[in-house]
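The values are calculated or read from the model by the stated rules, or taken from the named source; none is laboratory data. Remember, it's a predicted structure, so these values are computed and weren't measured experimentally. Backbone-built Cβ (ideal geometry, glycine too); neighbour counts: all protein chains shown. Heads up: the accessible areas ignore ligands, DNA and RNA and are worked out on the full protein's heavy atoms, side chains in. Shrake-Rupley method; radii C 1.70, N 1.55, O 1.52, S 1.80 Å.
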Amino acid sequence: MEWFSVRMRAAAGGPHEAGGSHISGGERLVPPSEVEFRVQELVRRALLHEKGEPDFLCVTVERVPQEAVRSLSALPISKRDVRDLEEGRSVAVEILAEAGISREAALRAVAWLAQGPAPDGGAMRGAIVMDADTGERLESDPARGVRVSRIDWHPDELPAWQDEVRHLGIANERVAEALALATKVVQTPGTVAELCWSDDPGYVTGYVASKRHGYVRIPFLKERGSPLGGRVFFVRGISTVEEYETALQTPVLLRREEKKRHDV
C-alpha cells in the first residue's frame, strides 16, 4: 500500500519566506482514496482560522512508499491540574527538570514562547531546537525553526483511540494531532523532551512530552487571547540541526500505546 503526505501552510502578508506571518499549518499521511478530502479539510482549516484569513496558502501532496513508513506507539497521556498560568508554567519547568532538562534551559524555553520566539516577536513557523543543558538555541533560522512532517495516525487506529478516550473529553482532532507529533519528536534520536503551547489565541492548554513522563497535558500555559506560543525541542548529542530535522521528517504512522494508561 502507498501513502500520500498532505501538508498545508498559510500566512498573512505573503509567503513565509517573504516575511509573511504564520496563520496555520496542517499535516496528514493518508491512503490515495483520502487525498482529495484531506486537501479540502486543510484548506478549510486555513480559511476559517481564528487568527484571520490568509492571503498565502500552500498545499503540498507527495507520494510516500509503504516501505518508507514506520510505526510508533502513542505516548501515554496524563494531566497535571493547575489553578492558573503561573502554576502551569512552574509545573512545566518541574516536569522538564525531572526529564533531564537543566532548570536554566527550561526557564529560557518558557520565556521564549511567552515573549514571542520569532525575530519579529511573533510566532515561529516551526520549533525551537534548544540545548538541553545550556539553553542555547541551535536552529539556524530563528523565524522558521525546524519542521516535523509526514506524520499521522494509522487509519485503523485513530477511531479506536478516540473511543478509548472519549469519556475524558479529549477525543478531538487537536489532541490527536498533538499526540502524534509529540510521539514522533520524543522518539527521534537526540530528543530529551518537548514543551508546547499553541499560538491560537483561544487555546490555553499545552503539554510537556518525554520518554519518562509520556504526554502530560497542562490546562493553563498561556493567557487567553495571546497570539504567542510554539514548540521547543530539547536535544542532547545531535550531530547537526539539519540531520536532526531530516529525522523529524521521516514518514511515521501512529498506533495506540500497547499498554493503555490514560489519566486525564
| query | Which one of Ile170, Gly202, Ala111 has its Cα pushed farthest toward the positive end of the charge dipole of segment 86-236, where Lys and Arg give +1 and Asp and Glu give -1 at the Cβ? | reply | Ala111
| Once label points are set 7 Å from the Cα along Cα→Cβ at both Cys58 and Glu34, what is their separation, rounded to one decimal in nm? | 2.4
| request: Order the peptides 109-117, 79-87, 194-202 from the highest to the lowest mean number of other Cβ atoms within 10 Å of their residues. | output: 194-202, 109-117, 79-87
| note | Taking the chain, the whole-percent share of alpha-carbon pairs separated by over 27 angstrom is 34
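Among bridges DSSP assigns within segment 112-264, what percent are antiparallel (round to 5)? Each step should come with its number before you reach the end.
Numbers: 18 of 25 bridges.
Antiparallel: roughly 70 percent of the beta bridges in segment 112-264.
Would you mind working out the magnitude of the charge dipole of the chain relative to its Cα centre, with +1 at each Lys and Arg C-beta and -1 at each Asp and Glu C-beta, to the nearest 20 Debye? Each step should come with its number before you reach the end.
Working: 35 positive and 41 negative charges, 87 e Å.
Dipole size: approximately 420 debye.
What do the square roots of 5 times the Cα gyration tensor eigenvalues come to for segment 132-201, in whole Å, largest first, as semi-axes of the equivalent ellipsoid?
Values: eigenvalues 155, 38, 30 Å².
Semi-axes from the Cα gyration tensor: 28, 14, 12 Å.
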| query | Rounded to the nearest 500 deg cm²/dmol, what is the calculated helix-only ellipticity per residue at 222 nm for the chain, with -39500 (n - 2.57) per DSSP H run of length n ≥ 4? | reply | -8000 deg cm²/dmol
| query | Where in segment 206-235 is the amide nitrogen less than 17 Å from a point lying 7 Å along the Cα-to-Cβ axis of Asp120? | reply | 227-230
| request: Compute the separation of the alpha-carbon centres of segment 203-224 and segment 68-133 and state it in Å as a whole number. | output: 8
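For Asp133 and His167 in the same chain, what is the full-extension length gain: residue separation times 0.36 nm, less their Cα-Cα distance, in nm? Can you show the working numbers first?
On the way: separation 34, 0.36 × 34 = 12.24 nm, distance 3.89 nm.
Extending this stretch completely gives an extra 8.4 nm.
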| Long-range HN-HN contacts of Arg231 with modeled amide H, under 5 Å | Ile128
| Cα pair distances of segment 151-251 binned at 5 Å [whole percent] | 2, 12, 20, 21, 20, 15, 8, 2, 0
| Rounded to the nearest whole Å², what accessible area per residue is found for the chain with the 1.4 Å probe? | 45
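Subtracting the Cα-Cα distance from 0.36 nm times the residue separation, let me have the gained length for Ser71 to Ser239 in nm, one decimal. Could the numbers behind the result be given before it?
On the way: separation 168, 0.36 × 168 = 60.48 nm, distance 2.43 nm.
Answer, rounded to one decimal: 58.0 nm.
Let me check against my output: what whole-number percent is the relative contact order of the chain, with C-alpha pairs under 8 Å and at least 6 apart?
Working: 586 pairs, mean separation 65.1, N = 264.
Relative contact order here is 25 percent.
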| message | Taking all protein chains in place and a 1.4 Å probe, what share, in percent, of the accessible surface of the chain do carbon and sulfur account for? | response | 48
| query | What value does segment 97-167 have for Rg/Rh, both radii from Cα atoms and Rh as Kirkwood defines it? | reply | 1.14
| field | the chain - share of DSSP beta bridges that are antiparallel (%, nearest 5) | value | 70
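Calculated FRET efficiency, Asp84 and Gln249, Cβ-Cβ r, R0 41 Å, to nearest 0.05?
On the way: r = 37 Å, r/R0 = 0.90.
The computed FRET efficiency comes out at 0.65.
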